[in-house]
Amino acid sequence: MALFTGSQEKYYLRSQSFTGNGTNRDFILLESAFGVGQRPTAESEIKIFVNNVEIDKSNYTYPKGSGGDAYTVNFTGYANNTAELESNGAPKNGLTVRVEQIAAEEEWGNYQFVKIKDIINNFLISYVGENKLISKISRTDVAFHAQRGLAEMSYDTFRSEKSQEIDVPPSLTMILPHDYVNYVKLSYIDNAGLEYILYPARKTSNPQSILQDDNYDYIFDSSTNEFLTSADSQTWTKYKANDTFSDENLDADTDELEALHTGGRFGISPEHAQINGTFYIDNTKGKIYFSSNLSDKTVILKYISDSLGTDGEMQVHKLAEEALYKHIACAIMSTRANVPEYIVRRLKKEKYAEMRKAKLRLSNIKLEELTQVMRDKSKQIKH
């Protein structure tokens with residue numbers, strides 16, 4: 001069966017077109033035009049154009065009714081659209097009617113991916129059965145190993161990198177995304193849209209701050225007998241209040257923290273020889289803390305996920321599809337009893353070979369780009 005179903009119009013425009021005849025007022029939206037289970041279900045999800053002119057929403061209803069009319073557009077009037085519609089609402093003869101879906105989930109570029117459920121189905125067909133590698137196994141076991149393999153490959157094989165952009169609030173904090181695993185890069189953007197990398201603050205943090213009384217004894221909660229803590233530590237409060245990147249402090253010698261960023265001392269660490277700003281990630285509290293000079297600036301967080309956050313994310317690039325099959329087979333056979341060791345070793349070799357092949361494919365090295373990089377290496381500085 002063909003992997004691409006539907007029409008080009010469905011893929012690019014998420015719409016269905018008709019031709020008016022001057023009398024017909026009802027037009028049925030087909031599943032083949034929008035995808036299985038993806039047809040619009042409410043009037044708020046569509047726009048209608050006749051002869052490339054948007055039709056006033058008062059001139060049609062959708063859906064017309066229930067049952068057989070659940071996906072029928074019914075034209076009822078012609079207010080503000082007299083050039084396109086007849087007095088009874090029917091599109092004029094020969095004019096093109098286009099119903100466009102506006103609340104659909106975009107699927108552009110999805111042909112390069114295989115959904116995890118298809119991976120599981122294909123594995124059961126190819127690897128499980130009589131006279132095959134695995135004689136019998138439940139679908140849930142295959143699904144478990146498929147998801148584990150997808151998560152492992154997401155980290156360093158096809159790196160499921162995501163990004164978020166926010167304006168740093170006065171609190172100088174950002175909440176970690178719900179599917180965050182590890183960060184790739186943080187940067188802020190200037191007025192031209194260029195990114196400037198931020199570096200981690202290695203000489204500060206936000207530890208748990210325990211409240212103490214005047215005698216320096218811990219203060220405990222009377223109901224739980226657990227010690228009380230403050231929202232922010234003194235370490236973070238002081239670092240937040242310290243304007244370490246202001247121009248007026250660049251020549252100061254009294255502040256040790258400022259000295260890290262001035263670049264005035266011989267042998268300064270390159271990570272401190274910049275004024276872009278710093279950040280600290282508190283994985284326990286699920287927050288990112290920024291230095292004071294980043295207040296009100298736009299920052300970008302690029303991070304790695306495990307591709308298991310939602311059903312839509314659980315997909316594998318086709319260049320790594322075979323590697324996931326080998327991972328599942330190896331994981332299943334290596335956890336079973338009475339499997340000869342030579343079979344497990346063979347499967348491990350096949351898995352690692354496919355993983356290396358997938359990494360090379362997904363590295364996306366192009367000869368022209370590599371040539372350009374090498375040419376840059378031979379530049380001479382001329383006066």
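Every number in this text was worked out from the coordinates using simple rules, so none of it is lab data. The structure presented is a predicted model; accordingly, all values stated were derived computationally and were not measured. Heads up, the Cβs are rebuilt from the backbone with ideal geometry, glycines too, and the neighbour counts pull from every protein chain shown.
Excluding same-chain residues fewer than 8 positions from residue 240, which lysines have a Cα within less than 22 Å of its Cα?
Counting by Cα, and skipping residues close in sequence, residue 240 has these lysines nearby: 185, 203, 285, 287, 297.
May I ask for the angle, rounded to the nearest 10°, between helix 116-127 and the longest principal axis of the chain, with both axes built from Cα atoms and the value confined to 0 to 90°?
80 degrees
Using 0.36 nm times the number of residues separating residue 230 and residue 361, minus their current alpha carbon distance, what extension gain do you get?
Stretched fully, the residue 230-residue 361 segment lengthens by 42.2 nm.
Quick one: what do you get for the chain if you divide its Cα Rg by 2.2 N^0.38 Å?
1.43
In the stretch 189-226, what chymotrypsin sites (Phe, Trp or Tyr not before Pro) fall in a loop by DSSP, with at most 16 other Cβ atoms inside 10 Å?
216
Determine the dipole magnitude for the stretch 8-101: charges of +1 sit on the beta-carbon of Lys and Arg, -1 on that of Asp and Glu, nothing else is charged, the reference point is the Cα centre, and the result goes in debye to the nearest 20.
100 debye
Rg and Dmax in Å for the stretch 123-211, alpha carbons only: what are they?
Expressed in Å, the Cα Rg and Dmax of the stretch 123-211 come to 22.0, 68.
Please state, as a whole number in µm²/s, the translational diffusion coefficient that the Stokes-Einstein equation yields for the stretch 8-101 at 37 °C and 0.692 mPa s, with Rh defined as the Kirkwood radius across alpha carbon pairs.
251 µm²/s
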